[in-house]
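Notes for the one structure printed next.
Read the figures in this text as sums done on the coordinates, not as results from a lab. These figures come from a predicted structure and were not determined experimentally. All Cβ positions, even for glycine, are placed from backbone atoms using ideal geometry, and neighbour counts span all protein chains on display.
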Amino acid sequence: MPRIGRHRELKFALEDFWKGNIAESALVHTATKLKARNWTRQVEQGATILPSNDFSLYDHVLDTSAMVGAIPERYDWKGGPPGLTTYFAMARGTRGTAGKECHHACNPAYTGAGIPAQDMTKWFDTNYHYMVPEFTPGQPFRLSCLKAVNEYREARLLGYRTRPVLLGPVTFLKLGKSTDPIVSPLRNLDSLLLVYIDLLTRLSLEGADWIQIDEPCLITDLDDEARTALQTTYQAFARALPNLNIMLTTWFGGLGNNLDLATQLPVAGLHLDLVRAPEQLPEVIHRSRREQILSLGVIDGRNVWRADLEAILDQLEPVVKQKGAEHIQLAPSCSLLHVPLDISVETDLDSDIKSWLSFADQKIHELAVLATALARGRESVRGQLEAASLATRTRKTSDKIHCKTVQDRVNGIKSHMTKRKSPYAVRAPQQQKHLALPLFPTTTIGSFPQTGKVRQARSAHSKGILTTEDYELFLRKETERVVRWQEQTGLDVLVHGEFERNDMVQYFGEKLSGFAFTRHGWVQSYGSRCVRPPILYGDVSRPEPMTVKWWSCAQAVTSRPVKGMLTGPVTILNWSFVRDDMPRSTACRQLALALRDEVLDLEKAGARIIQIDEAALREGLPLRQTEWNAYLEWAVGCFHLTSSGVSDQTQIHTHMCYSEFNDIMEAIAAMDADVVSIEASRSGMDLLKTFRTYRYPNSIGPGVYDIHSPRIPGTDEIVARLAMARQYLHDRQLWVNPDCGLKTRAWDDIQPALLNMVAAARKLRISQNHEQRNVQSALST
Ligand code: GLN
Ligand code: ZN
């Protein structure tokens with residue numbers, strides 16, 4: 001179930017705790033209430049099997065690292081249950097005693113510059129971010145945290161017998177990284193299994209007779225080592241705990257070529273994602289053991305549309321006949337972490353659109369209706385089935401959805417619209433002539449701190465307390481101030497600060513037609529951060545320019561170039577809930593055409609540089625490599641469609657972050673942006689490895705400052721990162737920028753950090769000058 005709470009209670013409690021405003025006991029109290037609410041609601045909606053240990057204070061992968069004691073040395077953990085100080089240090093890093101904002105009891109070992117957090121990256125193809133486990137070769141594991149047992153007890157005390165959920169050991173290891181890149185994390189399996197067996201034994205002694213173990217790696221491409229690891233694991237569990245029932249779950253896709261492997265594992269139950277991969281069911285039934293329980297994931301856990309229950313029943317009834325009702329469970333396709341909690345609290349939504357939607361609570365109810373229909377016949381739930389069918393029918397035919405002009409425009413896309421006029425080698429000198437930037441140009445990614453003041457003004461405006469005129473005046477002042485601030489800091493390419501944006505996707509969704517918005521539809525992105533994904537329900541068009549006003553307001557007060565700032569079509573698509581009645585690629589083309597018009601309007605207004613953020617390009621990548629090319633082709637094509645209308649002189653930037661980029665670097669190059677700024681510091685500059693073997697053709701700014709940590713990087717640290725980059729990239733290609741936008745930071749943090757960044761670039765320019773002079777004098781002698 002979603003953890004964050006209907007009113008984001010967890011977020012506020014966490015942030016208060018981090019600021020030192022509330023005690024640990026108050027945070028724990030909030031967490032306890034949220035867990036209890038979820039169990040109660042699931043029962044009310046008709047669920048008969050409840051999970052426990054699906055809650056987390058920050059991230060379930062981090063919980064697993066804490067559970068098995070995979071806590072890197074730098075956190076100075078002394079063994080025993082890791083406390084919240086250690087836990088949050090792993091999640092967020094520490095600012096150290098040199099900084100002034102470390103309110104909660106800091107570990108005395110955290111001095112000076114503070115300790116970096118663990119790496120964070122996207123969870124499969126979602127916008128949820130997990131904390132990447134770190135393993136040393138020969139990593140010692142020990143059972144260090146009994147959260148799973150404690151939550152089982154907690155539910156028990158409330159009268160619920162739950163099925164505890166654990167992240168499977170093989171997926172856990174595969175999600176982590178080894179401090180020694182040539183030692184596979186799977187080498188640590190044997191000692192990890194001892195810890196899992198210890199935990200499973202304790203859970204079973206507590207009374208848990210079923211445990212859910214998630215092994216989503218089973219829907220990905222597996223090598224022999226991973227396949228063997230899965231066999232070893234589940235054989236070991238079966239040997240050690242012959243009476244414990246394991247529900248092995250797979251989701252986000254089909255088993256594909258791992259189907260044999262999965263169905264042969266000695267587990268009592270197997271969960272399948274039948275929304276993304278309905279075709280796997282007959283084969284799984286054929287291969288699975290007769291007494292094995294199949295959990296059928298028939299309600300979409302990744303999207304928000306109300307299900308056509310009659311159609312699902314048509315699919316289920318023969319299966320129940322074949323397998324026997326006692327061997328079937330019904331479930332969402334995957335965890336409900338990725339959808340909002342409850343549609344019933346939305347009061348402002350168009351009533352048609354609302355009737356088409358189903359969030360976590362409703363999805364549980366849909367399952368209960370299906371179960372009742374299967375057990376007692378469709379007649380017993382006739383009214384509910386009809387309501388579901390009606391919603392499906394009205395959505396198909398509604399004139400809120402279909403717009404002929406948009407469809408015609410997509411059909412009329414011509415190939416010349418997806419290519420810049422000249423190749424990069426021709427464009428780059430023209431842009432340089434026009435922009436006259438120094439070597440190692442400095443810039444930021446777009447947003448500046450969204451302070452309490454900015455958020456209050458926005459909220460006052462949306463409540464009607466602040467007039468639009470006054471609100472815009474406020475935004476103008478903030479924008480002008482940030483422009484001055486950037487000039488004083490010495491940055492070369494400026495941004496307008498994005499103060500008018502609540503969120504990089506929501507802002508555009510609200511300006512485009514075809515999108516709906518919720519008030520409370522929050523989904524966790526990482527830790528305390530949540531997003532409210534827009535709901536793309538209809539054909540997309542742009543009634544009027546969306547960003548030109550704010551860009552112009554910034555450019556009017558400076559002679560330095562200000563970047564036009566847009567979110568790209570693939571990112572808007574990937575961070576929205578999208579319609580399921582057309583291919584994603586078609587919806588993306590509609591978005592690309594609308595954004596293309598915006599790019600051209602910015603150019604017409606005088607923008608010399610336009611940044612089109614594609615932070616979510618990587619996460620849309622299919623989980624199976626065989627499907628990558630097809631996706632990348634249309635995704636990169638949509639970026640071209642957005643960006644290629646401009647003249648050669650106009651410099652197109654893109655930005656990407658918090659994903660594994662090394663394996664798609666050629667596709668990133670194929671986007672043919674003149675400059676890409678890309679997160680690198682948070683993941684230890686791993687990105688640069690790619691450039692040992694692959695020559696990136698255009699300009700690139702590998703992030704030199706991890707903006708998700710309160711730590712302030714020193715000038716020398718940044719110079720060192722840039723020196724690493726210079727080993728693989730030409731000086732002429734290299735830009736200097738942070739990992740990502742600065743909206744989550746405080747002004748106090750970014751001031752010294754950006755000054756250091758600018759100082760680092762200047763240091764390099766001086767040393768580069770020396771080098772050149774040395775080369776010249778060597779040549780002349
Ligand atoms: N331009 C956006 C910002 O600076 C990019 C954010 C992102 O990549 N997530 O906030
Ligand atoms: Zn970013």
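Things to note:
- Positive minus negative residues near GLY46 (Lys, Arg vs Asp, Glu; Cβ under 14 Å): 0
- Placing +1 on each Lys and Arg Cβ and -1 on each Asp and Glu Cβ, with no other charges, gives the chain a dipole about its Cα centre of roughly 1120 debye.
- Length gained when the stretch LEU600-ALA746 is fully extended (0.36 nm per residue, less Cα-Cα span): 49.2 nm
- The modelled label-to-label distance for the pair GLU9/SER25, using points 7 Å beyond Cα in the direction of Cβ, is 1.8 nm.
- Dipole magnitude for region 542-624: computed about the Cα centre from +1 point charges on Lys and Arg Cβ and -1 point charges on Asp and Glu Cβ, it is near 200 debye.
- Region 433-463 versus region 10-45: alpha-carbon centroid distance in Å: 33 Å
- Sum of -39500 (n - 2.57) over DSSP H runs of 4+, divided by residues of the chain (222 nm, nearest 500): -13500 deg cm²/dmol
- Loop-resident trypsin sites (Lys or Arg not before Pro) (DSSP state other than H, G, I, E or B) in region 424-485 with no more than 15 further Cβ atoms inside 10 Å of their Cβ: LYS463.
- Nearest 10 degrees, 0 to 90: helix 189-206 Cα axis against the chain principal axis: 50 degrees
- Straight-line cross-link reach from LYS323 at under 19 Å between alpha-carbon atoms covers no lysines, not counting any fewer than eight positions away in the same chain.
- Averaging the Cα positions of each part gives two centres, and for region 340-390 and region 182-215 these lie 37 Å apart.
- Residues with amide H under 5 Å from that of LEU50, placed H, sequence gap 5 or more: ARG163
- Restriction of the trypsin sites (Lys or Arg not before Pro) in region 672-781 to DSSP coil positions whose beta-carbon has at most 15 other beta-carbons within 10 angstrom yields ARG695.
- The three principal axes of the C-alpha atoms in the chain carry coordinate ranges of 84, 63, 51 Å, sorted with the longest axis first.
- Computed FRET value (nearest 0.05) for ARG378 with LYS33, which takes r as the C-beta separation and R₀ as 45 Å: 0.75
- Principal-axis tilt of helix 382-397 within the chain, Cα atoms, nearest 10 degrees: 30 degrees
- Residues whose placed amide H lies under 5 Å from that of ILE609, excluding near-sequence neighbours: GLY564, GLN651
- Built amide H within the under 5 Å cut-off of ILE213, gap 5+: LEU166, MET247, LEU248, THR249
- Along the axis of the charge dipole computed for the chain (Cβ charges of +1 for Lys and Arg, -1 for Asp and Glu, origin at the Cα centre), the listed residues VAL406, LEU512, MET120 are led at the positive end by LEU512.
- FRET efficiency, ARG726 to ASP408 (Cβ-Cβ, R0 51 Å, nearest 0.05): 0.55
- Computed from point charges on the beta carbon alone (+1 for Lys and Arg, -1 for Asp and Glu), the dipole magnitude for region 642-725 about its Cα centre is near 200 Debye.
- Long pairs among LYS174/LYS743; LYS363/LYS463; LYS453/LYS477; LYS433/LYS477, criterion Cα-Cα beyond 20 Å: LYS174/LYS743; LYS363/LYS463; LYS433/LYS477
- Seen against the Cα atoms of the chain and their longest principal axis, helix 24-45 is set at about 50 degrees.
- Packing-based exposure ordering (other Cβ within 10 Å, fewest first) of GLU619, GLU633: GLU633, GLU619
- Convex hull per residue volume in Å³, alpha carbons only, for region 277-369: 100 Å³
- Pairs from the list LYS404/LYS511; LYS400/LYS511; LYS321/LYS354; LYS122/LYS689; LYS511/LYS563 with a Cα-Cα gap above 23 Å: LYS321/LYS354.
- Over region 131-186: Rg over Rh, Cα atoms, Kirkwood Rh: 1.14
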